[in-house]
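Working notes for the structure below.
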Amino acid sequence: MNNIPIFLSSDNNYAPYVATTIASICDNTKSFCDFYILDGGISKENQEKIIALKEHFNNFSIEFINIDVDKEFESINYKNSEYISISTYNRLLIPQLKPALDKVLYLDVDIVVLGDIAELYSIDLENYALGAAWDKSRILYNTDTKEPMKLSDDYKYFNAGVLLIDIKKWNKNNVLKVLFEIEDEYHGTALHVDETLLNKYFDNNYKIFDIKFNYTDYDVLNKPNSEIIIRHFASALKPWNSNYCILGKKVVPLKNFEDFWYYAKITKFYEQICSTYQAGINKNLFTKRMSIVASKMQNLNCV
């Protein structure tokens, strides 16, 4: 197999998790991976810490692509949230940044890869511009997205944290231009920012791949799966700020918490991530209690 091009997006705050994600990919993938970091302000020091993964792995290259988010997304009516940065929109730029590539992967950085990423990359897109995992379990989006965004009756909502993109077809169809037009029209109702824009554009017109390639907290209870390739910590509760998650009225241990920390320990950011974690679980009395409960339920060996 040829090199696998993988795009990740981050500002300086999320640099530690870029390194953790890369470590998990390299540890489980036989092929050589070309990483392209959509850089929304990563410091030189943190770039060097990410590159230092070469001390452990020899199957990757890395290129930082500076993104001026204020310039690129000046028309975006972005509403900041606690855990989503405007850098999330960077993924929309991928096909225009590297038009010579054919097929590429995009991954969020709140992810650990637990199998060979080549299995995902080798999926045939069958003339679709995009491949993603149909998120059947997230019934909530039937109400907060379908009607406001005027989706079709048979739409299939996908989580945009793991994408397989046909660069040539995307550019041929001027997808980026249309996405900005959608944002201009629907910014008041695009609740899940660029993910909502992508779902409006593609609706159910994309290649659907198995949920094991984008296994979220919602799937832990709804779709138990022992063959996870990509574990995506898609809620506000991440393994660097919590060891539990809340699903409906249930508090459960955060699945694959220890997998995240296995790869975090490989990086130069380990002590920094530990500090973030301690601050997260000590945030208030509730989080302290829930972290204790989760530890007892699963005998977690926290950082």
Exercise for the section: Determine whether the range 176-187 contains at least one residue that is basic (K, R), outside any strand (DSSP E or B) and at negative phi. Expected result: yes
Fill in the blank from the handout: In the range 17-57, anything touching an Asp or Glu at 6+ places or on another chain (Cβ under 9 Å), closer than 14 Å to I266 by Cβ and of a type in the set (G, A, S) is listed as S24
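Give L93, L164, L105 a once-over and let me know the one that is assigned by TED's automatic domain parsing to the domain that holds I42, part of a helix (DSSP H, G or I) and under 30 Å from A23 (Cβ atoms).
Within the list L93, L164, L105, the selection yields L93.
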Practice task
Take the range 210-260 and flag every residue that is of a type in the set (S, T, N, Q), touching a residue at least 12 places away in the same chain (Cβ under 8 Å), within 22 Å of K136 (Cβ to Cβ) and out of contact with any Gly (no Cβ under 7 Å at 6 or more places or on another chain).
Solution key: T216, N222, N225, S235, N256
Handout entry: Selected residue (only one of K268, K255 is outside any helix (DSSP H, G or I) and over 18 Å from the mean Cα position of the chain (by Cα))
Key = K268
Exercise for the section: Tell me, yes or no, whether the range 199-213 has at least one residue that is among the basic types (K, R), outside the structural domain of F257 (by TED's automatic domain parsing), farther than 22 Å from E119 by Cα and part of a helix (DSSP H, G or I). Expected result: yes
Practice task
Could you please give the count of residues in the range 174-202 that are free of Cβ contacts under 8 Å to residues at least 24 places away in the same chain and surrounded by fewer than 16 Cβ atoms within 10 Å (Cβ to Cβ)?
Solution key: 5
Handout entry: Pairs with Cβ under 9 Å, 6+ apart, first in the range 35-55 and more than 20 Å from T88 (Cβ to Cβ) and touching a residue at least 60 places away in the same chain (Cβ under 8 Å), second in a strand (DSSP E or B) and aliphatic (A, V, I, L, M)
Key = L53/I62
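The values are calculated or read from the model by the stated rules, or taken from the named source; none is laboratory data. This one's a predicted model, so the numbers in the text were calculated from it and none came from an experiment. Methodologically, a virtual Cβ is constructed for each residue, glycine included, from the backbone with ideal geometry; neighbour enumeration extends over all protein chains shown.
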